[in-house]
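Report on one structure; see the data block that follows.
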Amino acid sequence: MNVKKIEQLYEGKAKKVFSTEDPEVVIVDYKDDATAFDGMKKGTILGKGAINNQMTNFLMQQLEKAGVPTHFVEELSERETAVKRVTIVPLEVIIRNVSAGSFAKRYGVKEGIVFDEPTIEFSYKDDDLHDPLINDYHAVALHLATWEEIEVIKKYAFQVNDFLKKTLLECGVTLVDFKLEFGKTSDGTIVLADEISPDTCRFWDAKTGEKLDKDRFRRDLGNVEGAYQEMARRLMGK
Ligand code: TMP
Ligand code: ASP
């Protein structure tokens, strides 16, 4: 595919998005910039952009085969990927298998409680409001999505969890929780968008519990780059 960047449409905290000659295709360009706590904490994780790009593409291609439509079109370089142009549904979709992070804090429980079944929650993607927790009725009331779209999103999110949990366990990693974003293509089809990476998931070594994700940056645990590289090695052998 011969797609080239025309103009920058958007710059987020971890990625830039560019238009191409094809109105249905944009290029995402992953950065090494890292932020946490609503952008209050800023830093760089060397090599992160390349790892997150390649890991996302690796996983999305397999998810497509497993029946979850995604925005993936073609990997263009270490850091750049052509994806379908979508309108992002402004909901962060969070699946949890084990208590951690804001769940542990909100409900006053320790991290590491393994749930009998996965949970799902939504946050309203709005930086000014600090991405508040929202339920499906509120999302429909605010016209963020329709009931039909929410049902499809939930179905895909649990399918992603089943696939990811299994794939990671084979690499000796426990999938604690993760955040997904979905988009709508020009014909209204819901597809998995954004990324699946150590930035957006919690990965714990299945034996030792060692954190292999962005919590190393959020919590100043050290060896941040090493954790991203270790996840790339375990999942993709590189
Ligand atoms: P939380 O426990 O802080 O709510 O995070 C749940 C999951 O969502 C965790 O895997 C990290 C991911 N996440 C993001 O990808 N982006 C965010 O802005 C936040 C707060 C969490
Ligand atoms: N990337 C998010 C931010 O900067 C938060 C996070 O991943 O913890 O707000």
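The values are calculated or read from the model by the stated rules, or taken from the named source; none is laboratory data. Computed from a predicted structure; not experimentally measured. Cβ: placed from backbone, ideal geometry, glycine included. Neighbour counts: every protein chain shown. Areas reflect the complete protein model, heavy atoms only, side chains present, ligands, DNA and RNA absent. Shrake-Rupley method; radii C 1.70, N 1.55, O 1.52, S 1.80 Å.
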| said: Which of Val152, Val86, Val191 ends up with the largest GNM mean-square fluctuation for the chain, with Cα atoms connected below 10 Å? | reply: Val152
| query | For the chain, what does -39500 (n - 2.57) per DSSP helix run (n ≥ 4), summed and divided by total residues, give at 222 nm, in deg cm²/dmol to the nearest 500? | reply | -9000 deg cm²/dmol
| Zero-based 5 Å bins, Cα pair distances in the stretch 1-109, whole percents | 2, 10, 16, 19, 21, 16, 9, 4, 2, 1, 0
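I'd like to check one number: the per residue accessible area of the stretch 1-112, probe 1.4 Å, reported in Å² as a whole number. Show your work: numbers first, answer last.
Numbers: 5490 Å² over 112 residues.
I get 49 Å² per residue for the stretch 1-112.
For the stretch 98-225, what ratio Rg/Rh do Cα atoms give with a Kirkwood hydrodynamic radius?
On the way: Rg = 15.8 Å, Rh = 16.2 Å.
Reported Rg/Rh (Cα atoms, Kirkwood Rh): 0.98.
Report the charge-dipole magnitude of the chain in Debye, nearest 20, computed about the Cα centre from +1 at each Lys and Arg Cβ and -1 at each Asp and Glu Cβ.
Computed charge dipole of the chain: roughly 740 debye.
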| said: If I build a Gaussian network model for the chain, linking alpha-carbon pairs within less than 10 angstrom, which residue out of Asn97, Asn223, Asn57 has the largest mean-square fluctuation? | reply: Asn223
| said: For the chain, set up a GNM with springs between Cα atoms under 10 Å and report which of Arg216, Arg106, Arg96 has the largest fluctuation. | reply: Arg106
| message | Taking just the alpha-carbon atoms of the chain, what radius of gyration and Dmax come out, in angstrom? | response | 17.1, 52
| field | Relative counts (whole %) of C-alpha pair distances in the stretch 32-167, using bins that are 5 Å wide | value | 2, 8, 14, 16, 21, 23, 13, 4, 1
| note | Sorted on mean Cβ neighbours within 10 Å (highest first), peptides 45-56, 63-74, 135-146 come out as 45-56, 63-74, 135-146
| note | Carbon and sulfur atoms account, in whole percent of the 1.4 Å probe accessible area of the chain, for 52
| message | Starting from the 7 Å offset along Cα-to-Cβ, what nm value, one decimal, do you get for the label separation of Thr146 and Lys13? | response | 3.2
